[in-house]
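Novice: Shown below is the structure under consideration.
The values are calculated or read from the model by the stated rules, or taken from the named source; none is laboratory data. Note that the structure is predicted; figures quoted are calculated from it, not measured. For neighbour counting, all protein chains shown are included, and Cβ atoms are generated from backbone atoms with ideal geometry for every residue, glycine included. To get the accessible areas, we keep the full protein, side chains included, count just its heavy atoms, and leave off ligands, DNA and RNA. Shrake-Rupley method; radii C 1.70, N 1.55, O 1.52, S 1.80 Å.
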Amino acid sequence: MGTDFFIHLLHEVKEFENSNAYKSNADLEDFRVWMNAKKYAEESPTKLFKNENHQASFTENEICKQVLLLGRYSKLLIRKGLGDFPDLANEEFTYLYRLKDEPFLTKIQLIEKNGHEKQTGTQIIKRLLEAGFLEEKNDEEDKRSKRLNLTKKGEQIFHESVEKVNQTSKILSGKLNDDEKDEFLNILKKLNEFHSHIYTDYKTVNIDMIVKAFG
């Protein structure tokens, strides 16, 4: 590691400062995410596969690439948007908002509606319970299950965080006009309905079988 490395690093920092991703309170994590996104955006999956003598669909691989990038940008922006609510800043707010819309779900129902694996969802619910945002009660019909609902504290946090969530959602929508937003939303819903079916009914099936079923 020599002088050239540090010169190159300074050039990268300068480019980051001039990018749309840079904010006055940007930190090392923001820079790291920007660097990863920049490198990923420069690479073409189709070019890589072609160099390795593999067949690839440009459109489908680009969709995969763009969805992954959007997911990374979204997570970063959500952490910023919910900076005043650290207990919600990861995936927790989606669970809180889902229960506000659909109270008294079982744990597994809440996890599945958020598209998580059981272990991940269980940890999120545990954190919300420990924060005092959720309460659990025995299911009257199935004593082995527990149903979840917002506590008064959870209700309060929901109402306090709505404005920040709305601001974040607005930024996530970018500069799409109303028609573009409607079209994009319809496409996203169609895509999520497809994947929800796979998530629900093909949990134990490997990718080859899923391709055979839907390819």
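Novice: For the chain, treating each Cα as an identical point scatterer without solvent, what Debye log10 I(q)/I(0) comes out at q = 0.11, 0.16 1/Å?
Specialist: The Cα Debye sum returns log10 ratios of -0.76, -1.31.
Novice: Then there is this: Comparing GLU17, GLU141, GLU112, which has the greatest mean-square fluctuation in the GNM of the chain with Cα pairs linked when under 10 Å apart?
Specialist: Result for the chain, Cα springs under 10 Å: GLU141 fluctuates most.
Novice: Select from TYR202, ASN149, GLY174 the residue farthest towards the positive end of the dipole of region 143-215; place +1 on Cβ of Lys and Arg, -1 on Cβ of Asp and Glu, and compute about the Cα centre.
Specialist: Comparing the listed Cα positions along the dipole, ASN149 ranks first.
Novice: Moving on to the next point. What is the extension gain from LYS181 to LEU69, computed as 0.36 nm multiplied by their sequence separation minus the C-alpha to C-alpha distance, in nm to one decimal?
Specialist: Extra length available between LYS181 and LEU69 comes to 38.5 nm.
Novice: Between LYS107, LYS23, LYS146, find the one with the highest GNM mean-square fluctuation for the chain; connect C-alpha pairs within less than 10 Å.
Specialist: Largest GNM mean-square fluctuation: LYS23.
Novice: Follow-up question, since we're still on this one. For a Förster distance of 35 Å, can you work out the FRET efficiency between the beta-carbons of ASN149 and VAL205, rounded to the nearest 0.05?
Specialist: 0.55
Novice: Roughly how many Å² is the accessible area per residue of region 76-132, as a whole number, for a 1.4 Å probe?
Specialist: 54 Å²
Novice: Pop a pseudo-label 7 angstrom from the Cα along the beta-carbon direction at both GLU12 and ASN36 and give the gap in nm to one decimal.
Specialist: In this crude spin-label approximation the distance works out to 1.3 nm.
Novice: Going down the list LYS107/LYS137; LYS39/LYS175; LYS65/LYS107; LYS100/LYS175; LYS118/LYS190, which pairs span over 22 Å between their C-alpha atoms?
Specialist: Result: LYS39/LYS175; LYS65/LYS107; LYS100/LYS175; LYS118/LYS190 exceed 22 Å.
Novice: Separate question: What's the Cα-based Rg to Rh of region 120-199, Rh via Kirkwood?
Specialist: Taking Rh as the inverse mean 1/r over Cα pairs, Rg/Rh reads 1.11.
Novice: Expressed as a rounded percentage, what relative contact order does the chain have, with Cα pairs under 8 Å and six or more residues apart?
Specialist: 14 percent
Novice: A further question on this structure: Using helices alone, I'd like the mean residue ellipticity at 222 nm for the chain: each DSSP H run of four-plus residues gives -39500 (n - 2.57), total over residue count, nearest 500.
Specialist: After summing the helix terms and dividing by the residues of the chain, the value is -21500 deg cm²/dmol.
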